[in-house]
Structures are given as structure tokens and as C-alpha cells.
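Asker: Take a look at this one; I'll ask things after.
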Amino acid sequence: MTQRRESRTQVGIVGAGPAGLVLAKLLDLAGVEAVVLEARDRGYVEARVRAGVLEAPTVELLREMGVAGRLEREGMPHTGISLRFAEAPGAPAQDHRIDFADLVGTGITVYGQQEVVKDLLADRVDDAGLPVEFGVADLALHDVDSDAPSITWTDADGADRVLHCDVIAGCDGFHGVSRPLVAPDIAERVYPFSWLGVLAKAAPTTDELVYAHHDDGFALYSMRSPEVTRLYVQVPNDTDPSDWSDARIWDALHTRLACDGFTINEGEFIEKPSVTPMRSMVASPMRRGRLFLAGDAAHIVPPTGAKGMNLAIADVRVLADAVVRALREGDDAGLAAYSDTCLRRVWRAEHFSWFMTSMLHRFDPATEGGDAFGVGLQRSQLRYTVTSRAAATSLAENYVGLPHGAV
Ligand code: RFL
Ligand code: PHB
């Protein structure tokens with residue numbers, strides 16, 4: 001057997017998504033060395049279309065990190081969203097604007113997750129020449145209960161490698177190798193529907209996102225730029241996207257988003273429609289020994305609250321502070337508190353995402369959520385949210401993101 005090529009760093013980061021790349025940048029700013037290991041190639045990671053909404057505290061952090069130049073030029077600041085629904089079954093739908101600026105004095109920024117990832121990779125790899133290894137295979141974590149953990153993998157050239165480190169950050173998403181090793185308790189909900197998402201080459205017709213509750217199912221009108229619209233429709237679980245022709249998708253969008261004076265610009269789909277299952281999941285604790293989980297590796301939220309990427313970034317902010325304190329000052333208190341600190345914000349986001357999901361989707365009438373009682377509760381919650389300033393403020397402060405450290 002050939003010998004593994006050995007190297008050493010302070011923090012081994014598994015995964016080059018938002019969690020891994022923001023962590024790498026925060027550590028670099030504090031003078032802590034890290035190596036990022038990513039299973040996919042750079043082109044794939046940069047092209048993966050996912051989230052679009054950045055909370056105010058996320059934008060603030062990216063700005064402080066010095067990686068928000070393009071975000072400031074191209075990101076679209078929004079100061080509200082619309083909830084669209086009919087007062088009674090069969091009645092025409094109406095828009096109810098939740099005015100974030102008025103209610104909580106701030107807003108969100110619409111800027112694609114893959115643009116955040118591109119900016120962070122350009123900063124780390126192209127500008128700073130710091131290590132991100134793409135195309136790693138058979139990655140495994142070792143001795144995480146000791147002070148000398150390590151990571152092994154086969155690199156893109158087929159060479160066997162080992163990285164010795166002080167700390168490992170498992171930022172490898174929902175399907176990664178880190179979470180099974182921690183063997184945490186899992187709290188979970190799987191929802192009885194999914195989202196079919198499309199990206200269309202069409203100018204958005206509104207300045208803000210529209211969340212529509214409709215008898216046929218939920219629909220979301222979002223965007224990526226002045227030329228690109230991002231749209232979602234609720235579909236049954238296990239939907240095969242090939243059963244949804246372009247015409248069927250546009251038809252569903254026109255029906256579910258119908259509202260007096262509202263039009264939708266159609267346009268060519270830039271990529272194939274995809275189906276995202278909806279689930280909530282929290283793994284606790286988010287730590288085993290010297291291995292720390294962050295982002296989707298530790299928790300999943302349904303996308304209705306637009307929280308996933310923001311939570312991933314909030315986690316690694318806590319982790320970076322804790323790691324710097326441990327490695328520079330020999331004080332492990334931050335590492336010891338990491339899981340509990342993160343889980344407070346995680347559960348707030350889980351509740352908000354569950355609340356938005358439950359309020360806005362159509363449930364099967366044969367089930368508890370969709371029977372006459374369930375529909376009555378849903379309608380009451382929608383009306384209360386848009387007529388009570390207190391209820392609207394609660395939605396607004398959760399949507400724009402509670403300040404880091406506030407929960
Ligand atoms: P990621 O982005 O999944 O990155 C994990 C990385 O780890 C790599 N990896 C491995 N690398 C090496 N070895 C292994 N064994 C590995 N296994 C995996 C993967 O290739 C990948 O590059 O996790 P991270 O960094 O925690 O970031 C989480 C976010 O990506 C996710 O929460 C959001 O996309 C969720 N989300 C949204 N979040 C928001 O904040 N706002 C939104 O508006 C929003 N909308 C969405 C969303 C997610 C969606 N989908 C498709 C799931 C809308 C949708 C439709
Ligand atoms: C998106 O633009 O992709 C998006 C926006 C808001 C959400 C989820 C996804 O709640």
C-alpha cells in the first residue's frame with residue numbers, strides 16, 4: 001500500500017457551502033489556518049441554485065468580513081413581503097403587505113446563495129490563494145474524541161491524503177459524513193408536500209416576494225435579478241418533475257398567484273425544474289469531541305421561512321469565535337457552549353419556518369391540517385397576521401432575522 005501524503009492545519013473544514021466558506025473566511029481574518037475539503041468540483045458548487053434571501057444580520061456580517069462588494073452592487077434590498085390569500089373560499093385573492101421597514105426598521109436582501117459562494121471562493125482561492133480542495137472522494141473523519149483528530153480522503157488526482165488538525169468542522173450538508181459520527185438525537189418533521197422550483201429568464205413584475213395561499217396549493221413569487229424570476233409551486237411528495245410541462249407550471253403559477261392587477265412575465269426556464277422535499281430536522285448536540293457540526297449538517301428547515309443559509313452562517317460565526325478563543329487563548333469555554341448557543345437560534349428558526357409552512361400550504365382535506373377545523377385555524381392565522389400589528393411585527397422580526405446572539 002502506498003503511504004498517504006500527510007499535511008497539517010489548525011481547522012479541517014468539510015464542505016464548501018456557505019457554512020464552510022464563511023467559517024474559513026472568519027478564521028482567516030482571525031489568523032487561524034484552515035483547509036476546506038469539498039466533494040464536488042468548483043463549477044458545480046458555484047452553479048447550485050438554492051437560497052435567495054439574506055437576513056439583515058447575514059448581510060451585516062458579510063459586510064464586516066469584507067466580502068460584500070458585489071452583494072452591495074447587485075443584491076436587491078427589500079423592505080417587505082406580501083401574503084396573498086382570499087378572504088373566503090372562491091373569493092378573489094388580495095395582497096397584504098408586511099412592511100418590514102415600518103415594523104422593525106430593517107429588511108432583507110435578495111441575492112442568490114450561489115453568488116455568495118462565488119464571492120467567497122473568489123476571495124479565498126483567487127485573491128488570497130488559500131486552500132480549498134475540490135473533488136475529494138471517500139472522505140473519513142478519525143479520532144474526533146482525541147486532541148489530534150484527522151481527515152483522510154482520496155484527492156482529485158487519485159492520491160491518498162491525510163490532514164491532521166486541532167478541530168474539525170462538519171459543514172458537509174444534510175447528506176454529509178459528519179452527522180452520523182456525532183450520532184446525535186434527531187428531532188424531525190416531514191411535511192406531506194414538496195416544492196417544484198423554476199428559474200425563468202423573465203423580468204420580475206413586483207419589487208418584493210409574494211407568498212400565496214391558494215386552494216390549489218401554495219405558490220411563491222421570488223426573483224434573482226432584474227432579468228430573472230424564481231418561482232415555486234407546492235406539489236405532492238414524490239412528484240416527478242417531468243410530469244410538469246412548462247405550460248402546466250405556468251398555468252399553476254397564474255392560477256395560484258392570481259390577484260387583481262398582478263401579471264406574471266413568462267420566460268424560458270434557465271435550468272430544469274427541480275423538486276425539493278420539505279422537512280424540519282434538528283440534531284443535538286452539534287458536537288462530538290473535536291468535531292463540530294454546522295449548517296445543514298446539523299439542521300434542516302423547510303424553505304418557507306428562507307432561513308437555511310442564514311442559520312448556517314449564524315452557526316459558523318459562533319464556531320469561529322469559539323475556535324479562535326480555544327486555539328489562541330487555550331480557553332475551551334466557547335467550544336463547550338457551542339451546541340447550546342447555536343440550538344437556541346436554530347429552534348427559533350425551526351418554529352418560524354414551521355409556522356410559515358403550516359400557515360401557507362394546502363393540506364390534504366382527509367388529514368388533520370386540511371380538515372374543516374385545520375382550514376379554519378389557517379384562515380384565522382392568516383387574517384390575524386395581516387391585521388394585528390403585533391402579529392405582523394412577530395413575522396417581520398423573525399423574517400429579517402433576529403440579531404446574532406439575541407436568542
Ligand atoms: P450545503 O450548501 O449543502 O454545503 C455542504 C457542502 O458539503 C459538500 N459535501 C462534502 N464535501 C466533502 N466530503 C463529503 N463527504 C461531503 N458531503 C457533502 C457538499 O458538496 C456541499 O458543497 O450546506 P451549508 O453550507 O450548511 O448551507 C446550507 C444551505 O445550503 C441551505 O440551508 C439553503 O440552501 C436552504 N435554503 C434557503 N436558505 C435561506 O437562508 N434562504 C432561502 O431563501 C432558502 N431557500 C433553500 C431555499 C434550499 C432549497 N433547496 C434546494 C434545498 C430554497 C430551496 C429550494
Ligand atoms: C428563493 O428566492 O429561492 C426563496 C425565497 C424565499 C423563500 C424560499 C426561497 O422563502
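Asker: Taking Arg383, is it away from ligand 2 (no atom under 16 Å from the Cβ) and either part of a loop (DSSP other than H, G, I, E, B) or closer than 30 Å to Leu21 by Cα (or both)?
Answerer: No; evaluated as a whole, the condition is false for this residue.
Asker: Does any residue of segment 329-338 turn out to be assigned to a loop (DSSP other than H, G, I, E, B), under 23 Å from Ala183 (Cα atoms) and either β-branched (Val, Ile, Thr) or in contact (Cβ under 8 Å) with a residue 40 or more places away in the chain (or both)?
Answerer: Checked against the condition, which is being assigned to a loop (DSSP other than H, G, I, E, B), under 23 Å from Ala183 (Cα atoms) and either β-branched (Val, Ile, Thr) or in contact (Cβ under 8 Å) with a residue 40 or more places away in the chain (or both), segment 329-338 yields no hits at all.
Asker: So, in segment 240-265, how many residues would count as being within 16 Å of ligand 1 (Cβ to nearest atom) and in a loop (DSSP other than H, G, I, E, B)?
Answerer: Of the residues in that region, 1 qualify.
Asker: Going by what's in this entry, would Asp157 be described as assigned by TED's automatic domain parsing to the domain that holds Ala39, more than 23 Å from the chain's Cα centre (by Cα) and either in contact (Cβ under 8 Å) with a residue 60 or more places away in the chain or farther than 29 Å from Leu26 by Cβ (or both)?
Answerer: Considered against the rule, which asks whether it is assigned by TED's automatic domain parsing to the domain that holds Ala39, more than 23 Å from the chain's Cα centre (by Cα) and either in contact (Cβ under 8 Å) with a residue 60 or more places away in the chain or farther than 29 Å from Leu26 by Cβ (or both), Asp157 comes out as yes.
Asker: Could you identify the single residue in Ala30, Ala56 that is aliphatic (A, V, I, L, M) and either within 12 Å of ligand 1 (Cβ to nearest atom) or touching a Ser or Thr at 6+ places or on another chain (Cβ under 9 Å) (or both)?
Answerer: Within the list Ala30, Ala56, the selection yields Ala56.
Asker: Return yes when Pro236 is away from ligand 2 (no atom under 16 Å from the Cβ) and in contact with a strand residue (DSSP E or B) (Cβ under 6 Å, 6 or more places away or on another chain) and no when it is not.
Answerer: Here the answer is no, as Pro236 does not meet what is asked.
Asker: Something else: Just one of Arg48, Arg84, Arg73 is surrounded by fewer than 16 Cβ atoms within 10 Å (Cβ to Cβ), closer than 28 Å to Ser222 by Cα and within 16 Å of ligand 2 (Cβ to nearest atom); which is it?
Answerer: Arg48
Asker: Of all residues in segment 266-297, which are within 8 Å of ligand 1 (Cβ to nearest atom) and outside any strand (DSSP E or B)?
Answerer: Once the filter is applied, which keeps residues that are within 8 Å of ligand 1 (Cβ to nearest atom) and outside any strand (DSSP E or B), segment 266-297 yields Ala294, Gly295, Asp296, Ala297.
Asker: Tell me, which strands (runs of 3 or more DSSP E) wholly within segment 24-86 include 2 or more residues that are under 22 Å from Gly129 (Cα atoms) and touching a residue at least 24 places away in the same chain (Cβ under 8 Å)?
Answerer: Because the criterion is at least 2 residues that are under 22 Å from Gly129 (Cα atoms) and touching a residue at least 24 places away in the same chain (Cβ under 8 Å), the strands (runs of 3 or more DSSP E) in segment 24-86 that meet it are 34-37.
Asker: Residues of segment 311-345 being in contact with a strand residue (DSSP E or B) (Cβ under 7 Å, 6 or more places away or on another chain) and either within 16 Å of ligand 1 (Cβ to nearest atom) or not aliphatic (A, V, I, L, M) (or both), which ones?
Answerer: Within segment 311-345, Leu311, Leu319, Tyr338, Ser339, Leu343 meet the criteria.
Asker: In addition: May I ask you to list the residues in segment 133-149 that are crowded, with 20+ Cβ neighbours inside 10 Å and either acidic (Asp, Glu) or closer than 23 Å to Leu327 by Cα (or both)?
Answerer: Result: Leu141, Val144, Pro149.
Asker: Now, a different point. Inspect segment 92-106 for any residue being within 14 Å of ligand 2 (Cβ to nearest atom) and closer than 30 Å to Leu377 by Cα and give the result as yes or no.
Answerer: yes
Asker: Can you name the number of the only condition in (1) closer than 23 Å to His96 by Cβ; (2) not in a loop (DSSP other than H, G, I, E, B) that Phe363 fails?
Answerer: Here Phe363 clears every test but (2).
Asker: Take residues that are under 17 Å from the mean Cα position of the chain (by Cα) and tell me which of the strands (runs of 3 or more DSSP E) falling wholly in segment 171-233 contain 2 or more.
Answerer: 185-200, 219-225
Asker: Right, here's the next one. Quick check on segment 300-317: of everything there that is buried (at least 24 other Cβ atoms within 10 Å of the Cβ) and more than 16 Å from ligand 2 (Cβ to nearest atom), which residue is farthest from Ser358 (Cα to Cα)?
Answerer: Taking the candidates together, the pick is Val316.
Asker: Also: Which of (1) surrounded by fewer than 21 Cβ atoms within 10 Å (Cβ to Cβ); (2) more than 16 Å from ligand 1 (Cβ to nearest atom) does Asn237 not meet, given it meets every other one?
Answerer: With respect to (1) surrounded by fewer than 21 Cβ atoms within 10 Å (Cβ to Cβ); (2) more than 16 Å from ligand 1 (Cβ to nearest atom), Asn237 is out only on (2).
Asker: Within the group Ser358, Ser284, which residue is of a type in the set (Gly, Ala, Ser) and within 16 Å of ligand 2 (Cβ to nearest atom)?
Answerer: The unique qualifying residue is Ser358.
The values are calculated or read from the model by the stated rules, or taken from the named source; none is laboratory data. No experiment lies behind these values; they were computed from the predicted model shown. As a convention, Cβ positions derive from the backbone with ideal geometry for all residues, glycine included, and neighbour counts pool all protein chains shown.
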